[in-house]
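Notes to accompany the following structure.
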Amino acid sequence: MDSLTQIVLGAAVGEAVAGRKIGNKAALWGAIGGTLPDLDVFLRFFYDPLDAALVHRGFSHSLLFACLAGPAIGYLFHRITKRKHPLKMWVFLWFLSIVTHPMLDVFTNYGTQFFWPFSWRLTFNSVFVLDPLYTIPFMILLIGALFMKRDSRRRRIWNWTGIIYSSAYLLWGLIVKLGIYGNSDSYFAEAGIHPKRTMVTPMPLTSFYWDMIAEDDTAYYIGYKSLFAPFDPKQMEVITKNHHLLKEIDWNGNPRIEEIEHITNGFYSVEQHSDSLFVYDLRFGTTTTITNGKSKKPLMGYGFTTQEQHIKTLFSHRTRDFNKIDFNSYVEKVFGK
């Protein structure tokens, strides 16, 4: 999830554990604990973009990291505060604020290596990385709680209401996703498509509008489903795989195909433009709906610059068509208008 959401979650956890004993400082330390796992983004300066994507949400987003860092930082704070508060309180505050970060990220499409050192990523793919309906009510309840007296019963009620609401919202996303996924074959059948594999993922900023990606031997088919309207097969997009282009490259003894398949979960397309090869991660969808068709580019991918069929450099690709975003049209699609 985005940094603000992780701060809110960490702060709420810190408040729940130690708010009555140390007041608003509990939320402060919890917010810091909730951001610690994402410090791995600084590792990108030491890796190429593809390796950086593989490293991100790895060890620092694992249960093992929380089990090591939580007690260690908790013990440090216990000593710094001259044992004024129980060691158990500090350990729980830091462990829970850290571990809830990757637990929340598990619900996004990128997932985490929660059980590192095992390489597979745990992902439910049921909430978009930025969802105001999750974050804003949660944040309002937390801020309201922090303005109340530390021993106030209402303070605890407000904070726990936020935690319960956020958890219920994640459960809601899972239920909606399972419902759409269960009907996805029939939706694609309306368009005459019988996929080998299907993925369902939430669209930007909402849990009311969903992206369905079907795969056959040569292409991906992207359909959209609003909770407020029937599925429209006329909105289907077709993206050619072109996976063969990766096999035609001389990788200089360092093939990246397995890494590409791992990081994209096998949902990727390839395009050749002059001496650049673009690999698009289709789990993040395209810009079609958010720009009302003005742009139809995949949102994210990786670019390989080649010369004489040898890899020269590697760079990250993100669509930058922000000036083409049509928010009003997108809202209409979300609500099926």
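What relative contact order, as a whole-number percentage, does region 62-115 give when Cα pairs under 8 Å and 6 or more residues apart are counted?
Relative contact order, region 62-115: 43 percent.
Counting charges near Phe231 (Lys, Arg +1; Asp, Glu -1) among other residues having Cβ under 14 Å from its Cβ returns a value of -2. Rolling a 1.4 Å probe over the protein heavy atoms leaves Thr286 with an accessible area of roughly 10 Å². Converting phi to 3J(HN,Hα) with the Karplus coefficients 6.51, -1.76 and 1.60 and the offset θ = phi - 60°, region 238-251 yields 10, 10, 5, 5, 6, 5, 4, 5, 5, 7, 8, 8, 7, 7 Hz in sequence order, with x at every glycine or proline. Only protein heavy atoms count here; under a 1.4 Å probe, His101 has an accessible surface of about 0 Å².
Take every Cα pair under 8 Å whose residues are at least 6 apart in sequence, average their separation, divide by the length of region 148-261, and the relative contact order is 15 percent. Listed by chain and number, the lysines placed with their C-alpha closer than 29 angstrom to that of Lys84 are Lys21, Lys25, Lys149; residues fewer than eight positions away on the same chain are left out. The order of Met212, Met148 by accessible area, most exposed first and with a 1.4 Å probe, is Met148, Met212. Farthest toward the positive end of the dipole of the chain, out of Ser269, Ile140, Tyr224, is the Cα of Ile140, where the dipole comes from beta carbon charges about the Cα centre. For Lys241, the aspartates and glutamates whose Cα comes closer than 13 Å to its Cα, not counting residues fewer than 8 places off in the same chain, are Glu215, Asp216, Asp217, Glu261, Glu271, Asp281. Of the trypsin sites (Lys or Arg not before Pro) found in region 152-226, the ones in coil according to DSSP and having at most 13 other Cβ atoms within 10 Å of their Cβ are Lys196.
When only the Cβ of Lys, Arg, Asp and Glu is charged (+1, +1, -1, -1), the dipole of region 45-153 relative to its Cα centre reaches about 860 debye.
Set against the 2.2 N^0.38 Å expectation for a compact globular protein, region 152-262 has a Cα radius of gyration ratio of 1.51.
Can you give the relative contact order of the chain as a percent, counting alpha carbon pairs under 8 Å and 6+ residues apart?
The value is 12 percent.
Listed values for region 216-226 are Karplus-derived 3J(HN,Hα) couplings in whole Hz (6.51 cos²θ - 1.76 cosθ + 1.60, θ = phi - 60°), namely 10, 5, 10, 8, 10, 10, 10, x, 10, 10, 8, and x replaces Gly and Pro.
Put a dot 7 Å past the Cα of His262, heading toward its Cβ, do the same for Glu332, and the two dots end up 4.5 nm apart.
Lys and Arg at +1, Asp and Glu at -1: add these up for the other residues within a Cβ distance under 14 Å of Met139 and post the number. Cβ neighbours under 14 Å give a net charge of -3.
From the Kirkwood radius over Cα pairs of region 41-123, Stokes-Einstein at 10 °C and 1.306 mPa s returns a whole-number translational diffusion coefficient of 116 µm²/s. Remark on Thr286: its backbone amide H falls under 5 Å from those of Leu299, a criterion applied only to residues 5 or more positions apart or on other chains, H modelled at 1.01 Å from N. In the chain, the calculated helix contribution to ellipticity at 222 nm averages -14500 deg cm²/dmol per residue, counting -39,500 (n - 2.57) for every DSSP H run with n ≥ 4. Peptides 266-274, 91-99 ordered by packing proxy, namely the average of other Cβ atoms within 10 Å per residue, highest first: 91-99, 266-274.
For the chain, a simple Cβ point-charge model (Lys and Arg +1, Asp and Glu -1, everything else neutral) yields a dipole of about 2340 debye relative to the Cα centre.
For a straight C-alpha distance cut-off of 25 angstrom, the lysines reachable from Lys333 (same-chain residues fewer than eight places away being disregarded) are Lys177, Lys225, Lys234, Lys294, Lys296, Lys297, Lys324.
Of the residues Gly34, Tyr75, Ala53, the one whose Cα sits farthest toward the positive end of the charge dipole of region 19-77, with +1 on the Cβ of Lys and Arg and -1 on the Cβ of Asp and Glu, is Tyr75.
The values are calculated or read from the model by the stated rules, or taken from the named source; none is laboratory data. In this text the structure is predicted, and so the values were computed from the model without any measurement. Note that we place each Cβ from the backbone using ideal geometry, even for glycine, and neighbour counts take in every protein chain shown. Ligands, DNA and RNA are stripped out before the accessible areas are found, and what is left, the full protein with its side chains, is counted by its heavy atoms. Shrake-Rupley method; radii C 1.70, N 1.55, O 1.52, S 1.80 Å.
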